[in-house]
1. Is there any pair with a first residue in the stretch 90-113 that is acidic (Asp, Glu) and a second that is at pLDDT below 95 whose Cβ atoms are under 8 Å apart and which are 6 or more apart or on different chains, and what are they?
2. Name the single residue, out of those in the stretch 204-222 being assigned to a strand (DSSP E or B) and touching a residue at least 60 places away in the same chain (Cβ under 8 Å), that is nearest to Ala239 (Cα to Cα).
3. Please count how many residues of the stretch 1-21 are surrounded by 10 or more Cβ atoms within 10 Å (Cβ to Cβ) and either modelled with pLDDT of 85 or more or in a helix (DSSP H, G or I) (or both).
4. Testing Ser210 on (1) within 12 Å of the chain's Cα centre (by Cα); (2) within 24 Å of Ala122 (Cα to Cα), one condition comes back false. Which one is that?
5. Checking Val80 against (1) modelled with pLDDT under 80; (2) in contact with a strand residue (DSSP E or B) (Cβ under 8 Å, 6 or more places away or on another chain), which single condition isn't satisfied?
6. Inspect the stretch 235-247 for any residue being in the same structural domain as Ala108 (by TED's automatic domain parsing) and either under 19 Å from Ser104 (Cα atoms) or assigned to a strand (DSSP E or B) (or both) and give the result as yes or no.
7. Please go through the stretch 174-202 and give me each residue that is of a type in the set (Gly, Ala, Ser), crowded, with 19+ Cβ neighbours inside 10 Å and more than 9 Å from the chain's Cα centre (by Cα), ordered by number.
8. Please find, among Glu160, Glu164, the residue that is surrounded by 17 or more Cβ atoms within 10 Å (Cβ to Cβ) and either more than 26 Å from Asp115 (Cβ to Cβ) or under 16 Å from the mean Cα position of the chain (by Cα) (or both).
Amino acid sequence: MSTSAKVRQGQILELANTSGLASVEELSERFGVTASTIRRDLSRLTVEGKIARTYGGAMPLTAPVIESTFRQRNMENSAVKSAIGRKARALVSEGQTILLDSGSTVAALAHELRDASELTVATTSLVVVEELAEAESVHVECLGGTLRHRSAAFVGPLAEYSLERMSFDSVFLGADAVTPEAICEADLVQTRLKEKMASRAQRIFVLADSSKLNQHPFHAWAMLPEGWTLITDAQADKAQLAPFKKANVEVIIAG
């Protein structure tokens, strides 16, 4: 291996451990080499056990992230999530049929929908069902499946089959992390369901507070089609939002 390649790979590893890695294309532009050269660098670092490949780039190999439970997540950034929920509520109109994902931020939206009228809500989330249980003017469809205890929601083939027979004006998705191209989750069962959800709606909204932007805590990804909308909080800075705007993702700021 040439000295220049060794130096470049060392700099890539340093980026992974500090600011995080951008896409292959952005790394290619940064170092003035081809995308195939960057991919070889990433492959080399992966073989050496220094990084793990993710969609579009890589992440440092550190101690594994332990997925928190819904109860734990619900206690984090509660004011911010409430603000995002209120902003998302303003995008829901009377007479619509919408799909709500699991997650604490989506649950904050469900809380705001309790006074809605002539609204149909389908969901995989036990928490959303609980929020809307006494909202008699909201028609609730609960998708079946296998209960995933950590997220307090249903996943699996039964939920996916149900979606094949429904369509929605809008879907509101939660995320453990989100990039301009994809949602990051703890396992492939979740990401497969999210992709199915996104395919059944005319408009796609991802509700994610600023701490989740451009992060990659896990290795499972749900790809997002073009034309989706991010709803995040006012603490998101220009650097965090720049990749989304560059990718023509509509960004709505709550609060």
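1. Final answer for the pair search is Glu94/Ser117; Glu94/Glu118.
2. If we take residues in the stretch 204-222 being assigned to a strand (DSSP E or B) and touching a residue at least 60 places away in the same chain (Cβ under 8 Å), then Leu207 is nearest to Ala239 (Cα to Cα).
3. 14
4. (2)
5. Val80 satisfies every listed condition except (1).
6. yes
7. Ala186, Ala198, Ala201
8. Being surrounded by 17 or more Cβ atoms within 10 Å (Cβ to Cβ) and either more than 26 Å from Asp115 (Cβ to Cβ) or under 16 Å from the mean Cα position of the chain (by Cα) (or both) holds for just one of Glu160, Glu164, which is Glu160.
The values are calculated or read from the model by the stated rules, or taken from the named source; none is laboratory data. Small disclaimer: the values here were computed from a predicted structure and weren't measured. As a convention, Cβ positions derive from the backbone with ideal geometry for all residues, glycine included, and neighbour counts pool all protein chains shown.
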